[in-house]
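Q: Submitted below is the structure of interest, expressed as structure tokens.
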Amino acid sequence: MKAAVWYGARDVRVEDVPLGAPGPGEVALDVAYCGICGSDLHEYADGPHAIPVDEPHPESGREAPLTLGHEFCGTVAEVGPGVTGVRPGDRVAVEPHYRCGDCPRCLAGSTTCAATSGSPG
């Protein structure tokens, strides 16, 4: 798969990125469209801002270099173990937010304002 990979400020490379099978709780998508948002532009221009470079992100376990583009849609290609609610062939739009599931915002359904693991709610 071709991806825009962020290595540092003003260092984004379009590369072939290998895809593995989805793990537990994960879904593989055939991406139809992917946008580049303001956050991505800021990371390119003078980041890092949100991309972890010195240690892995506490939720994803990932750090730079990292694929940009978190606003996308596509078709479910494969589901990993334990995935319910979607199946191969379903068309989806992705809301890529990490949620703790326990803070007052999550419990109230305001998940776009929710804390991530280890952050105050």
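The values are calculated or read from the model by the stated rules, or taken from the named source; none is laboratory data. Note that the coordinates shown come from a computational prediction; the quantities given were computed from them, not determined experimentally. When we count neighbours, we look across all protein chains shown, and the Cβ atoms used for this are built from the backbone with ideal geometry, even at glycine. Each accessible area value is taken on the protein alone, full model and side chains, heavy atoms only, with ligands, DNA and RNA left out. Shrake-Rupley method; radii C 1.70, N 1.55, O 1.52, S 1.80 Å.
Q: Give me the net charge of CYS37's neighbourhood, meaning all other residues with Cβ under 12 Å from the Cβ of CYS37; Lys, Arg count +1, Asp, Glu -1.
A: Values: positive: none; negative: ASP40, GLU43, GLU71.
Summing Lys and Arg as +1 and Asp and Glu as -1 gives -3.
Q: Have a look at VAL86, TYR98, PHE72 and report the one farthest towards the positive end of the charge dipole of the chain, computed about the Cα centre with Cβ charges (Lys/Arg +1, Asp/Glu -1).
A: VAL86
Q: Additional query: Report the local net charge at THR67: Lys and Arg +1, Asp and Glu -1, summed over other residues whose C-beta lies under 11 Å from its C-beta.
A: Details: positive: LYS2, ARG13, ARG62; negative: GLU15, ASP40.
Summing Lys and Arg as +1 and Asp and Glu as -1 gives +1.
Q: Keeping every protein chain present and rolling a 1.4 Å probe, give me the accessible area per residue for the chain in Å². Don't skip to the end; give the middle numbers.
A: Working: 8050 Å² over 121 residues.
Counting only protein heavy atoms, the per-residue value for the chain is 67 Å².
Q: With label points built 7 Å along Cα→Cβ from the Cα atoms of ASP102 and VAL31, find their separation and express it in nm.
A: 3.2 nm
Q: Round to the nearest 10 and report in Å² the accessible area of VAL83, as given by a 1.4 Å probe over the protein chains' heavy atoms.
A: VAL83 exposes around 30 Å² with every protein chain in place.
Q: Let me ask something additional. Considering the chain as a Gaussian network with a 10 Å cut-off on Cα pairs, which listed residue, THR84, THR111, THR75, attains the greatest mean-square fluctuation?
A: Result for the chain, Cα springs under 10 Å: THR84 fluctuates most.
Q: For the range 76-115, what number results from the quotient of the Cα radius of gyration and 2.2 N^0.38 Å?
A: Details: Rg = 13.0 Å, N = 40, 2.2 N^0.38 = 8.9 Å.
It is 1.45.
Q: Translational diffusion coefficient of the chain at 20 °C, 1.002 mPa s, Stokes-Einstein with Kirkwood Rh over Cα pairs, in µm²/s as a whole number. It would help to have the intermediate numbers written out before the result.
A: On the way: Rh = 16.0 Å.
Result for D is 134 µm²/s.
Q: I've got another one for you. Can you tell me the dipole magnitude for the chain around its Cα centre, using point charges on the Cβ only (Lys, Arg +1; Asp, Glu -1), in Debye to the nearest 20? Please list the in-between numbers first.
A: Details: 8 positive and 17 negative charges, 62 e Å.
With only Lys, Arg, Asp and Glu charged at Cβ, the dipole is about 300 debye.
Q: With a 1.4 Å probe and every protein chain kept in, tell me what percent of the accessible surface of the range 8-81 is carbon plus sulfur. Don't skip to the end; give the middle numbers.
A: Details: 2510 of 4770 Å².
Result for the range 8-81: 52 percent of the exposed heavy-atom area is carbon or sulfur.
Q: Right, another one. Per residue of the chain, what 222 nm ellipticity follows from adding -39500 (n - 2.57) for every DSSP H run with n ≥ 4, rounded to the nearest 500? Don't skip to the answer; put the middle values down first.
A: Working: 2 runs with 13 residues, N = 121.
For the chain, the value works out to -2500 deg cm²/dmol.
Q: Also, quick follow-up: Mind listing the Cα extents of the range 43-108 along all three principal axes, in Å, largest one first?
A: 38, 31, 21
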